[in-house]
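Take a look at the structure set out below.
The values are calculated or read from the model by the stated rules, or taken from the named source; none is laboratory data. Given the structure is predicted, the values throughout are model-derived calculations rather than measurements. Positions of Cβ are backbone-derived with ideal geometry, glycine not excepted, and every protein chain shown enters the neighbour counts. For accessibility, only protein heavy atoms count, side chains too; no ligands or nucleic acids. Shrake-Rupley method; radii C 1.70, N 1.55, O 1.52, S 1.80 Å.
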Amino acid sequence: MIEFRGVTKRFPDGTVAVDNLDLKVDAGKITVFVGPSGCGKTTSLRMINRMIEPSDGQILVNGNDIMQSDAADLRRGIGYVIQHAGLFPHRTIVDNIATVPLLLGWNKIKARKRATELMEIVGLAPEMAQRYPSQLSGGQQQRVGVARALAADPPVLLMDEPFSAVDPVVRESLQDELLRLQSELGKTIVFVTHDIDEAVKLGDKVAVLRVGGKLAQYDEPGVLLARPVDDFVDNFVGRDRGYRGLGFLSSDEIPLGELKTVTIGEAAPAGEEWVLVVDGERRPQGWLGAEQREGLETVSADRLVPGGSLYEIGSGSLRSALDAALSSPSGQGVAVDAQGAVAGAISADDVLRALDATRRDEQPS
Amino acid sequence: MNILNQLVSWFADPAHWSGSGGVPIRLLEHLYYSGLALLIGLVVALPIGLAVGHTGKGSFLIVGLANGLRALPELGVLILLVLFMGIGLIPVVIALSILAIPPLLAGAYAGIRNVDPAVVDAARGVGMREQQVLFKVELPNALPLILGGLRSAALQVIATAAVASFVSFGGFGRYIFDGLRIRDYPQMAAGALLVAALALAVEGVLALVQRSVVSPGLRASGGARRSPTADVASTPEPAQPDDPSPAPELAGVKR
Amino acid sequence: MILWDWIPRNLGTIGQQLLQHLQLSLIPVVVALVVSVPLGWLANRSPALRAVLVPAAGLLYTIPSIVLFVMLPGVLGTRIDSPLNIQIALTVYTVALLVRSVADALAAVPSMVVAAATAMGFRPGRRFVSVELPLAVPVLIAGLRVATVSNISLVSVGALIGVGGLGALLTQGFQEFFPTKIIIGVVLIVVLALLADALLLLLGRYITPWVRAGAGARSKA
């Protein structure tokens, strides 16, 4: 869909921002450019819509050399989202979103109608339509930025550190929102960030660039975490990569063990070992240990030890399975089904055995 | 309080309100010179200010010009032009235009330069052509400073038009200098008051114009209309051009 | 166009006019500085006062100088050709300009810096003198430069009513139809203004070494 062929960018002062980049961005996927500052990730992105022109090499969008088309026309067909949203302060939200349709010559009514639709798609309340950007929070402004980029329904979306200026909580919700949008829209998205966690979370594929504008590794995030090609990528990917890599491994192989449960209101069970307490619909409520059971006749909600994280069978990763086991007071992770009812127990040993099996499968022969 | 009575009786005298030396005619004269000079100033300064602001080329020229012209005594400019071109409308209007240009130029330049670079980047990024970037995004956002420059220029021109009466010319300044010549202080004071009233009235009208043509979005950040949710790290760093001096200081304003 | 030998013959007069020009333009700057720092401080401390002082300053600034030069004798009872009229008028303009500058400059001092100073035990008065005021100096200097240059140029308008330092060269030159006087007058006024501007710029750099140090570090990054 988007292809870099031997692309180099040299600035007039002699610095090489991007050095002989060869890379193919898959259609309908999110591709993340990540790297430390000075690695040329933003320059690479901005060359796609000719905000910066390459010194050497070729960039193809849909098979067409971008230098062959008029820069403004090219940009109207490519959505563009930047760090501080770059909203037009003198225009209302709805007119900001309608910018590209109006540039393309749509009539005002149609453009505004489209803008209103988009506000709903990106989760903005309709009463914000007539407000001005300065009346919105940073997170809201960024949603408007995304809506503006999507307004003319371009197949390609360029996002240049769009979430880096908002606080972590808002950032996370914007990331989730982007993934939800992408699952519906299936755009070809190129996303630039300096945050490896964001890259790994959002990217279908991640390109790690090193200072001087050289591509260090271009892989799926799971592979990046499991097998960094060199020390630079290893360092950049950072601490806990082994643990974080589990997030990209399927947990379907893990066998579920027996889990001893008791329902609230029943007689307290005898014995010493941990028992999981469930409600009438078999949803986990907490644990009973030996200590809590002393002198207890019927099981009630008020003497329970809180449980750990839950592992949902079918959709969970090895990471969530391991975390369920590690965070449970009894050492037994609680697996639940899609309805939240207890399905069985997971031990850390089971997870590690499953991990071992996956590694053997993937071992290059 | 004597002077107050004298002023009141000056203004109450119907003879001062009619004929070629009456207040209405003097007002029209004053407005005519000032308006013409301002118009010429706008035609010269606005395109240059917008072009330099948009391209960033020649910034040093604007800053230098604005600072240099502030040092130039307006009376000297006026007298020199009249001396070499003869007494007439043209030298006076040229002198007034020269004084109007620096604030207009600086306002237009600083206005464009101060538009958040992220906003301009976004305008290009969504596919606006250079002209569209300038006229649809930069210009509307620069309006407050451009109109600020216009206000400064208008005041400067009105003030200097009063001084221009020294070289035997109409306008409210006539009362000041005629009064000075014949030692008629009430007439001088009346002239001065009329000049002040005109300056304040023009300032008020231009302030109203500014309110009506500047997008409310550029005012909303002022605080009062800001929504309570907007305080979370929403405003990007204000755009700083290379030259940190704010517009009025660039604008060569003086009274 | 210029009769060069006129200059040496009249050096004494020109010198006197130059001196008067400096007195008329610079005394107001000094007086205004002393007045506007406390006023600006008050404006920054109290939003209510700011809401009065800043628009009032703006209003004063819209009044043309010739108006004040003519009206002040009627208000103060001074003679029409008294230097006081010029000096008071220019003081008013300079205060109008500086109050705003000082208030803005103080408002621009990062609140974290002020909070840190308070936390270290500065009392408000001491904190103002040793923390807030120094940080406001660059903006203050910028305001002073504008005011000084404007004043030097504006004094010449005073010549129209009889006191104008070098401005007298302009009006006499016009009445005598003698361009040499006018050109000498204009050149001296401009040179004086640019010189004063440059001196203030250097003074500002000298007393705020941290500004340039910071700018250097930023441009390297």
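Over chain C, what is the relative contact order in whole percent, taking alpha-carbon pairs under 8 Å and six or more residues apart?
25 percent
Could you work out the relative contact order of chain B, using alpha carbon pairs under 8 angstrom and six or more residues apart, expressed as a whole percent?
Reported as a whole number, the value is 26 percent.
Of the heavy-atom accessible surface of the protein assembly as shown (probe 1.4 angstrom), what whole percent is carbon and sulfur?
With neighbouring chains kept in place, the figure for the protein assembly as shown is 60 percent.
Given a Förster distance of 45 angstrom, what is the FRET efficiency for A:Arg359 paired with A:Ser37, based on the Cβ-Cβ distance and rounded to 0.05?
0.85
With +1 assigned to the C-beta of every Lys and Arg and -1 to the C-beta of every Asp and Glu, and no other charges, what is the dipole magnitude of chain C about the Cα centre in debye, to the nearest 20?
I would put it at about 840 debye.
Tell me whether chain C comes out rounded, prolate or oblate; compute the Cα gyration tensor, take square roots of the eigenvalues as a ≥ b ≥ c, and use a/c under 1.5 as the rounded threshold.
It comes out oblate by the Cα gyration axes.
Listed highest first by mean packing, meaning other Cβ atoms within 10 Å per residue, what order do C:120-133, A:195-208 come in?
Result, highest mean first: A:195-208, C:120-133.
Report the Cα-based extents of region C:53-169 along its three principal axes, largest first, to the nearest Å.
Extents along the principal axes: 56, 27, 22 Å.
How big is the Kirkwood radius of chain B, worked out from every pair of different alpha carbons and given in Å to one decimal?
Value: 20.1 Å, from the Cα pair sum.
Hey, if you put +1 on the Cβ of every Lys and Arg and -1 on every Asp and Glu Cβ in chain A, which of A:Pro101, A:Ile59, A:Val32 ends up farthest toward the positive end of that dipole?
Checked the options; the winner is A:Pro101.
Is there a simple number for the mean count of other chain Cβ atoms within 10 Å of the Cβ of residues in B:187-199, and what is it?
So the per-residue partner count for this stretch is 4.
Tell me, how many Å apart are the Cα centres for region A:292-345 and for region A:85-106?
50 Å
Report the one residue of A:Ala85, A:Gly138, A:Ala324 whose Cα lies farthest in the direction of the positive end of the charge dipole of chain A (charges on C-beta: Lys and Arg +1, Asp and Glu -1; origin at the Cα centre).
Towards the positive end, the residue furthest out is A:Ala85.
Using +1 on the beta carbon of Lys and Arg, -1 on that of Asp and Glu, and nothing else charged, what's the dipole of the protein assembly as shown about the Cα centre, debye to 20?
Using only the charged Cβ atoms, the result is roughly 3900 debye.
Quick check: convex hull over the Cα atoms of the protein assembly as shown, volume per residue in Å³, rounded to an integer?
Spelled out: Cα convex hull of the protein assembly as shown, divided by residues, is 243 Å³.
Based on the Cβ-Cβ distance from A:Ala125 to C:Thr13, what FRET efficiency comes out when R0 is 51 Å, to the nearest 0.05?
Computed FRET efficiency for A:Ala125 and C:Thr13: 0.10.
Mind checking which lysines have their C-alpha under 17 Å from B:Lys136, skipping anything on the same chain fewer than 8 residues away?
A:Lys108
Kindly give the semi-axes, whole Å and largest first, of the ellipsoid equivalent to region B:1-118, taking each as the square root of 5 times a Cα gyration tensor eigenvalue.
38, 18, 14
Do you know the relative contact order of region A:5-135, to the nearest whole percent, from alpha carbon pairs under 8 angstrom that are 6+ apart?
18 percent
What does the charge dipole of region B:22-216 about its Cα centre add up to, to the nearest 20 debye, if the Cβ of each Lys and Arg holds +1 and the Cβ of each Asp and Glu holds -1?
Around 60 debye, computed over region B:22-216.
How about A:Lys24: which aspartates and glutamates have a C-alpha closer than 12 Å to its C-alpha, ignoring those fewer than 8 places off in the same chain?
A:Glu3, A:Asp219
How big is the A/B interface in buried accessible area, both sides summed, 1.4 Å probe, to the nearest 100 Å²?
2600 Å²
Count the net charge of all other residues whose Cβ sits under 11 Å from the Cβ of A:Gly213, scoring Lys and Arg as +1 and Asp and Glu as -1.
+4
How much area per residue is accessible in chain C when the probe is 1.4 Å and only protein heavy atoms are counted (Å²)?
48 Å²
May I ask for the distance between the Cα centers of region C:98-156 and region A:163-206, given as a whole number of Å?
Comparing the Cα centres of region C:98-156 and region A:163-206, I get a distance of 44 Å.
Over both sides of the B-C contact, add up the buried accessible area with a 1.4 Å probe and give it to the nearest 100 Å².
For B against C, buried area totals roughly 3500 Å².
Extending each Cα 7 Å along its Cβ direction at C:Ile2 and A:Ala341, get the distance between those two points in nm, one decimal.
Label-label distance for C:Ile2 and A:Ala341, simple model: 10.3 nm.
So what is the accessible area of region B:1-105 per residue, in Å², with the probe set to 1.4 Å?
With all protein chains present, region B:1-105 gives 46 Å² per residue.
Within 15 Å, Cβ to Cβ, of C:Gln17, how many net charges do the neighbouring residues add up to if Lys/Arg are +1 and Asp/Glu are -1?
+1
Scan around A:Ala343 for amide H atoms under 5 Å from its own, H built in the peptide plane at 1.01 Å from N, and keep only partners 5 or more places away or cross-chain.
It is A:Ala335, A:Val336, A:Asp337, by chain and number.
Counting only protein heavy atoms, probe 1.4 Å: which residues of region C:35-82 lose 50 Å² or more of accessible surface in the full assembly compared with their chain by itself?
Residues losing area: C:Tyr61, C:Thr62, C:Pro64, C:Ile66, C:Val67, C:Val70, C:Met71, C:Ile80.
Run the reach check for A:Lys9 against aspartates and glutamates, Cα to Cα strictly under 15 Å, same-chain hits fewer than 8 apart removed. What comes back?
Of all the aspartates and glutamates, those that pass the test against A:Lys9 - Cα under 15 Å, at least 8 places apart if same chain - are A:Asp19, A:Asp22, A:Glu53, A:Asp56.
For A:Ala290, what is the net charge nearby, where nearby means another residue's Cβ is under 9 Å from its Cβ and Lys, Arg count +1, Asp, Glu -1?
Residues near A:Ala290 contribute -3 overall.
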